[in-house]
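This report refers to the structure that appears directly beneath it.
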Amino acid sequence: MSVKPKKNIFDKLLNLPVYVNLLAIGAVLCLMVYLVLKFVDIYTNHNQAVVVPDVRGLQIEEAEPFLRKNMLKYVLIDSIYSKDHAPGAIVEMMPGANAKVKKNRTVLITVNAKTEKKATIPEVSDISYREAALLLRSRGFTDIEYKYVSGPYRDLAIGVQYGGQMVQSGTRVPLSAKLILVISEGDTYYQDTDTTGENSENNTRRNEGDEDWF
């Protein structure tokens, strides 16, 4: 009596109908897709949103516990100066307050500078007032007014006033300061003076010439 060789599991699977093999392959693929999606959910903290607390107006050391409690990180990215906020207080945040974000999200924070930013007054004398104004704005000054005074040349910059007094070039002034650009008006008084001076000089030369005839 002959003994039939035993078939392993792979041989048995190969002998199964084709549709059974297809079902098995489909089940394996579904299982793989499920495992991949599960991994992505875990990796990206899906459905685990937290609310960004409103920490505007607080100092960094005061806001830090609230952010940590909500499992959020923060980075200080900039500082501005505003008279409407306390020095060092948080004035802007991104994402904004009450926004829903994922855990471990980094909140970008802007604070109010403790001291006002300053810049130096450039040399503006003896140039056109338009050029002088551009120089001041290029330094960051925005509150600029114009004041015409008596002078020999029209629209020629004379200097800069701050706090009611003329300031020298190189002086450091707050960027929010109100500056007054002093400009020559080109008065006819100076023109008449120049003309009178020339006439007097010509008359003197003429008189000297006349005396030579005698």
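The values are calculated or read from the model by the stated rules, or taken from the named source; none is laboratory data. Keep in mind that this is a model prediction, so the values were computed, not measured. Reconstructed Cβ throughout: ideal geometry from the backbone, glycine too, with neighbour counts over all protein chains shown. When the accessible area is computed, the model is the full protein with side chains, heavy atoms only, and any ligands, DNA or RNA have been set aside. Shrake-Rupley method; radii C 1.70, N 1.55, O 1.52, S 1.80 Å.
For labels at Asp78 and Leu37 in the simple 7 Å Cα→Cβ model, what's the distance in nm?
Placing both labels 7 Å along Cα→Cβ, they lie 4.1 nm apart.
Cα convex hull of the range 37-152: mean projected area in nm², to one decimal? Write out the running numbers ahead of the final one.
Working: hull surface 44.6 nm².
Projected area, direction-averaged: 11.2 nm².
Averaged over all directions, how much area does the convex hull of the C-alpha atoms of the range 95-184 cover when projected, in nm²?
8.4
Would you mind putting 72-85, 114-127 in packing order, based on average other-beta-carbon counts within 10 Å, highest first?
Values: 72-85: 12.9, 114-127: 14.4.
Order by mean packing, descending: 114-127, 72-85.
What accessible area per residue, rounded to a whole number of Å², is obtained for the range 36-148 using a probe radius of 1.4 Å?
Roughly 66 Å² per residue, with all protein chains present.
Residue by residue, what Karplus-based ³J(HN,Hα) values in Hz, rounded to whole numbers, does the range 130-146 have, using 6.51, -1.76 and 1.60 with θ = phi - 60° and x for Gly and Pro?
5, 5, 5, 5, 5, 4, 5, 5, 5, 7, x, 7, 10, 8, 10, 10, 10
What percentage of the solvent-accessible surface of the range 113-156, computed with a 1.4 Å probe over protein heavy atoms, is contributed by carbon and sulfur atoms?
Values: 1400 of 2870 Å².
About 49 percent, which is the carbon plus sulfur part of the accessible surface.
Expressed in nm to one decimal, what extension gain is obtained for the pair Leu108 and Lys178 from 0.36 nm per residue of sequence separation less their Cα-Cα distance?
22.0 nm
Report, in listed order, any pair from Lys38/Lys73; Lys69/Lys118; Lys118/Lys147 with a Cα-Cα distance greater than 29 Å. Before the final figure, lay out the partial values.
Details: Lys38/Lys73 25 Å; Lys69/Lys118 38 Å; Lys118/Lys147 23 Å.
Going by Cα-Cα distance, Lys69/Lys118 fall outside the 29 Å limit.
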